[in-house]
Amino acid sequence: MKTKIIDYVIKFLLGPQNDELSRYISYGEDSGRVVIKESGFFKPDTYMTENSLPSFPLKELKGLPILFGDNTIEKKDNKIVLGADIIASAFFMITRYEEYIRTDNRDGHGRYLGKGSILYKAGCLERPLVDEYGNLLRTCLAELGIPVRTVKKGFERIYLTHDVDQIWQWKNLLSAMRTMAKRIVLNKSNKTESIKARLNYKKYDPIYTFPWLLKMDNSVQTLTEKCKCVYFIMGCRHSQRDFGYIDKEKDVKDFVNYVENNGATVGIHISYEAGKAPENIKKEKKRIEGICNHEITLNRYHYLASRHPLELKHLVRFGITDDFTMGFADAAGFRLGTCRAVKWIDLNEEEITPLTLHPMTVMEVTLDGSEYMGLTEEEAYKKVCRLLDHVFEYNGEAVLLWHNSTVSAASDGYQRRLYEKTLLYLKSRIKN
């Protein structure tokens, strides 16, 4: 592995406050004050083979799971020698290394399954292990008398994000009439709701919840400049998996102006189909930029369908600088092993790219989806609070995803209440 990538991993572990202390760290050599033993992960006959995957059960060093190496730590000759290969372990997580090796752990959409991941099986998906490794490394330096800057607790950034799969529930008058006819036949309530919503979606459409979302998000933004609200919109035509609303250019432009005038930012929600045919990304991005009249540099894949790490090269190619896809659909936790923004490393080219990955803290449908975690409202709230506590502990980024369609006041689900409670908890941590 190239030296510059190993150096990047070491500096990432130390954190931006202490990255100059990387000169005291040596990997595989006895030249540093803190010596990290190589585990053999990067050996040519092992690297990128199934033999390079961690073995269970994982060893632990003072309660800290180690993917590679052993759990020894020794102080001698004014040095500390770590048998735990935290370089290979961190590299494994932040690069999605296992997704290159294991091709079987996929769902019907081609997404890598969180519940089949090594971190989930080891029981540590909900721990930012990479950040815990960084804490271990800083502690070793401090024990040697090397001045280490304390990593302050808090939120480095807060991203309140919303994937706009649909702006309105009914695509046209015909679909609205079909819904009305079905409700009449089944003698259901709100028989004319669909017609009223199609004629005046801002007033009557149940999923046009943007005024409420903007109000809720603004209550956090007024407390801290670190909070940013992002609406990811779609630039695709209609398909089986993509609702498609970009053709209604006037309405979409009106929506974009509305959210941007209320302090939000717009990104692209790359469609399900473009995820499989990357050339369409350019077209979708161009359509959105034409409506927004400015460059679009933020992305999240629809369905969180980043199917393979190397697909991210297309984001770099088409001018995306920041991606917010990095969470598992079926299990909440730290997919990259960290709660901090990290550069995407292209393992084919062995290059650190300009693309910044923002690990997702939680997506709401992961929590209540019967095919995912299926949690009760109380269980979901506790889970979200626990994840936010980890982010706060390591001064990471809180990245929340709630869809406008799940927070309808008429919904039978708990997502509207959960979002309110989550933001209240978030605000309590900011104030304290």
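Helical runs (DSSP H, four residues minimum) scored at -39500 (n - 2.57) apiece and divided by the length of the chain put the mean residue ellipticity at 222 nm at -10500 deg cm²/dmol. Of the cross-linked pairs Lys152/Lys382; Lys11/Lys115; Lys11/Lys59, those separated by over 27 Å at the C-alpha level are Lys11/Lys115. With a Förster radius of 45 Å, plug the Cβ-Cβ distance of Asp389 and Lys253 into 1/(1 + (r/R0)^6) and report the FRET value to the nearest 0.05. It comes out at approximately 0.65.
Taking the average, over residues, of other Cβ atoms within 10 Å as the packing measure, peptides 283-289, 347-353 rank 283-289, 347-353 from highest down.
Take every DSSP beta bridge whose two residues both sit in the chain; close to 30 percent of them are antiparallel. Inter-label distance, Ser189 to Glu349: 5.6 nm, where each label sits 7 Å from its Cα along the C-beta direction.
Pairs of lysine residues in the range 234-374 that meet both criteria, 8 or more places apart or on different chains and Cα atoms under 30 Å apart, total 29.
Which aspartates and glutamates have a Cα less than 15 Å from the Cα of Lys153, not counting those fewer than 8 places away in the same chain? Within the straight-line limit of under 15 Å, Lys153 reaches these aspartates and glutamates: Asp131, Glu132, Asp389, Glu393, Glu397.
Calculated translational diffusion coefficient of the range 1-94 (10 °C, 1.306 mPa s; Stokes-Einstein with Kirkwood radius over alpha-carbon pairs) equals 115 µm²/s. The value for the range 16-166 of Rg(Cα) / (2.2 N^0.38 Å) is 1.19. Evaluated at 25 °C with a viscosity of 0.890 mPa s, what Stokes-Einstein diffusion coefficient in µm²/s does the range 208-365 have when Rh comes from the Kirkwood expression over alpha-carbon pairs? Here the translational diffusion coefficient equals 149 µm²/s.
Bridge orientation summary for the range 311-412: considering DSSP beta bridges with both residues in this region, about 50 percent are antiparallel. Placing a pseudo-label 7 Å from each Cα along the Cα-to-Cβ vector at Asp107 and Asp45 gives an inter-label distance of 4.0 nm.
Multiplying the residue separation of Leu144 and Ser370 by 0.36 nm and subtracting their alpha-carbon distance yields 76.3 nm. Placing +1 on the Cβ of every Lys and Arg and -1 on the Cβ of every Asp and Glu, with no other charges, gives the range 136-213 a dipole of roughly 420 debye about its Cα centre. The magnitude of the dipole of the chain, with charges of +1 and -1 set on the Cβ of Lys/Arg and Asp/Glu and taken from the Cα centre, is near 1360 debye. For Lys4, a cut-off of 17 angstrom between C-alpha atoms picks up these aspartates and glutamates, skipping any fewer than 8 places away in its own chain: Asp19, Glu20, Glu29, Glu38, Asp346, Glu349, Glu350, Glu351. Charge tally for Lys228 (other residues, Cβ to Cβ under 12 Å; Lys, Arg +1; Asp, Glu -1): -3.
Expressed as a whole percent, how much of the Cα-Cα distance distribution for the range 95-142 exceeds 13 Å? Here the tail beyond 13 Å accounts for 65 percent of pairs. Packing, taken as the mean count of other beta carbons within 10 Å per residue, orders the peptides 44-50, 2-8, 201-207 from highest to lowest as 201-207, 2-8, 44-50. The distance linking the range 254-300 with the range 13-64 is 39 Å (Cα centroid to Cα centroid, whole angstrom). Using R0 = 22 Å, the C-beta based FRET efficiency linking Lys282 and Ser239 works out to 0.80. Helix 129-143 and the long axis of the chain differ in direction by around 30°, with both axes built from C-alpha atoms. Take the convex hull of the alpha carbons in the range 99-177; its mean projected area over all directions comes to 10.3 nm².
Read-outs throughout are calculated quantities, based only on the coordinates presented, and are distinct from any laboratory measurement. Computed from a prediction, not measured in an experiment: that's the story for all the values here. Neighbour counts are summed over all protein chains in view; Cβ atoms, including those assigned to glycine, are modelled from backbone coordinates with ideal geometry.
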